[in-house]
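First comes the structure, then the notes that go with it.
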Amino acid sequence: MGEAESLNQESMDIRRRIDQTRESLTNKLEALEGEVKDTIGDAKESMTVAVEEMFDIEKQAREHPWPFFAVSVLIGVAYSALVLRAPGAVRAGRLKVKMSDLNDRFQQELKEVADLAIGTFFGTIRDIARELAPPEGRPPHPAAGPGPLVESEGRGPGRQGPGRVPPPPIV
């Protein structure tokens with residue numbers, strides 16, 4: 001019976017190791033499943049954010065003002081050519097109803113595009129001015145000019161003489 005007991009003991013050890021391996025694999029698979037679900041959830045969330053940002057017209061206009069400005073100008077030219085300056089057929093009355101319907105239908109959208117174009121244009125001008133302006137507390141660059149000039153009789157601005165106000169000293 002020693003041999004039978006030894007085989008039985010060995011069989012029990014093998015079953016115990018199989019159960020431990022199975023439990024270990026189950027735990028690892030559950031952990032891997034959790035990580036995969038988290039990764040998929042993060043990827044889905046980041047894709048949702050990316051798609052929302054891609055279709056956020058105001059954000060795109062702030063980040064890419066020149067293409068929006070160009071498209072706005074083209075829309076304005078097309079609108080002007082089609083509706084405001086009607087071709088001969090419109091003046092003759094053949095397309096008058098259709099053009100006025102087009103104007104009525106898209107008036108609000110065209111106004112919004114025009115407002116966006118104007119805002120983008122002036123925002124871009126403001127940004128350029130901020131880049132070119134000297135930092136606060138620092139005098140302008142000497143190449144910016146000598147300062148205010150006053151005209152006197154017989155002398156123009158920029159000429160030496162009593163009519164010229166000297167530029168402020170550079171500190």
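The values are calculated or read from the model by the stated rules, or taken from the named source; none is laboratory data. Being a predicted model, the structure only gives us computed values, none of them experimental. Counting neighbours? That spans all protein chains shown, and the Cβs are built from the backbone with ideal geometry, glycine included.
Summary table
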item: Failed item in (1) assigned to a helix (DSSP H, G or I); (2) surrounded by 14 or more Cβ atoms within 10 Å (Cβ to Cβ); (3) modelled with pLDDT under 85, with Val71 passing the rest; result: (3)
item: Residue check for Arg22: basic (Lys, Arg) and over 60 Å from the mean Cα position of the chain (by Cα); result: no
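Conditions tested, residue by residue: (1) at pLDDT 60 or above; (2) part of a helix (DSSP H, G or I); (3) among the aliphatic types (A, V, I, L, M).
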| residue | (1), (2), (3) |
| --- | --- |
| Gln107 | yes, yes, no |
| Leu110 | yes, yes, yes |
| Gly123 | yes, yes, no |
| Asp127 | yes, yes, no |
| Glu131 | yes, yes, no |
| Pro135 | yes, no, no |
| Pro148 | no, no, no |
